């Protein structure tokens with residue numbers, strides 16, 4: 001110990017620095033041999049790292065020369081044990097890491113078994129459970145067989161909870177229809193006993209507990225498919241970060257592939273198609289809403305719950321009483337975000353011309369929510385900004401010309417003439433801003449447009465004809 005070392009150094013210094021004795025009498029007066037004194041000095045020197053000059057051979061007995069190396073070789077024994085202790089600590093840390101990883105796998109498997117029980121709970125109560133699932137899934141390594149099995153099961157269960165109805169081939173649809181006709185007779189017998197029958201599902205914009213859970217799961221899949229950014233610095237990236245980034249990118253590709261196999265692009269298209277009439281009707285009826293009839297809202301609970309990464313803090317703060325209050329817009333947001341992420345990881349052939357037409361129809365309405373997300377997806381599908389602008393102009397011209405043709409199907413009244421002028425003014429704005437797109441429309445898309453405009457100019461009133 002330190003106390004023993006300091007005591008040994010004090011004894012040695014007393015024996016060799018006595019001023020009243022001659023240099024050669026230290027061995028006889030100390031009560032021991034000279035080797036004891038030298039041993040004390042050597043112990044002090046080895047303990048404190050001091051350099052001691054060796055005395056001459058003529059004044060020191062032979063036994064003193066033999067005893068000195070004993071104390072010198074005793075010092076390095078403590079440093080040689082340090083690598084052994086470091087290796088032992090490393091092995092213990094690796095063992096604890098393996099045990100913790102196995103525990104997380106077992107917890108994740110148990111959580112997946114309990115996932116179907118969330119269908120009957122409100123979405124707010126399901127969010128903490130899904131947060132735990134996401135945290136446990138972040139420890140999975142897709143390159144390990146055991147982790148890959150759990151990951152595949154996780155993705156399969158999440159996708160199955162969305163109730164995606166995959167599109168069938170015509171032959172499969174015919175066989176399925178024949179099978180349904182074969183069992184219809186049995187269903188007729190059962191329907192006589194069951195007077196209630198199956199209830200029709202609510203409209204797509206109405207929320208239920210099951211749909212709130214599906215919305216949270218869609219956000220979870222979006223988090224799994226999110227782009228993982230690596231270090232932006234020019235220096236070398238640690239091997240652990242490179243491995244983790246590659247694993248995360250692999251997980252995002254697996255999630256996108258699982259959604260494609262289940263038919264998620266077609267499902268998102270059906271959701272957006274069903275929401276389009278809802279937004280058009282809501283936009284037209286928003287002007288008739290009366291003000292001054294809003295009820296007072298209760299105070300939100302404090303502190304606000306943490307719902308990240310599914311809902312950011314600002315959104316939770318503004319919708320503290322009910323985060324699913326604006327359910328149609330939340331559903332539309334996910335129906336736009338998932339195709340964007342799937343398009344980055346999978347074959348773009350899953351998005352046909354119907355997608356472009358639907359998104360252009362959304363952009364026709366100036367009051368459509370999430371116009372920025374709609375524009376982003378449409379630009380991604382078009383590939384270039386020129387193609388995006390041309391597609392929008394052609395669709396707008398076609399829409400306005402069709403509406404004008406419908407107004408002139410019968411003898412137009414004054415209010416219909418006003419609507420006709422609005423459609424023609426919209427076409428004139430596009431023609432003056434991007435003449436090339438108008439020429440492309442007349443040459444390929446609507447070759448009869450110019451002849452029809454001349455016919456209309458001769459038919460309507462002279463004040464409207466210009």
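FYI, it's all coordinate maths here, none of it is from the lab. Here the structure is a predicted model, which is why all the values come from computation and not from measurement. Backbone-built Cβ (ideal geometry, glycine too); neighbour counts: all protein chains shown.
The simple spin-label model puts a point 7 Å past each Cα toward its Cβ; for residue 304 and residue 357 those points are separated by 4.2 nm.
Packing around the peptides 268-275, 319-326, taken as the average count of other Cβ atoms within 10 Å per residue, puts them in this order, highest first: 268-275, 319-326. A Stokes-Einstein calculation at 10 °C with viscosity 1.306 mPa s, built on the Kirkwood radius of the stretch 384-466 over Cα pairs, returns a diffusion coefficient of 119 µm²/s.
In this calculation the C-beta distance from residue 440 to residue 364 is compared with R0 = 22 Å, giving a FRET efficiency of 0.70.
I need the calculated FRET efficiency for the pair residue 153 and residue 91, taking r as the beta carbon distance and R₀ as 41 Å, to the nearest 0.05. Calculated value: 0.85. Highest mean packing first, where packing is the average number of other Cβ atoms within 10 Å per residue, the peptides 403-411, 103-111 line up as 103-111, 403-411. The label-point distance for residue 110 and residue 432, in a model that sets each label 7 Å from Cα toward Cβ, rounds to 7.1 nm.
Between residue 326 and residue 447, the FRET efficiency estimated from the beta carbon spacing at R0 = 41 angstrom works out to 0.40.
Relative to a virtual label point 7 Å from the Cα of residue 318 in the Cα→beta-carbon direction, which members of the stretch 340-381 show backbone nitrogen distances below 16 Å? Under cut-off, by backbone N: 368-373.
Put simply, when 216-222, 301-307, 255-261 are sorted by average Cβ atoms within 10 angstrom per residue, most first, you get 216-222, 255-261, 301-307.
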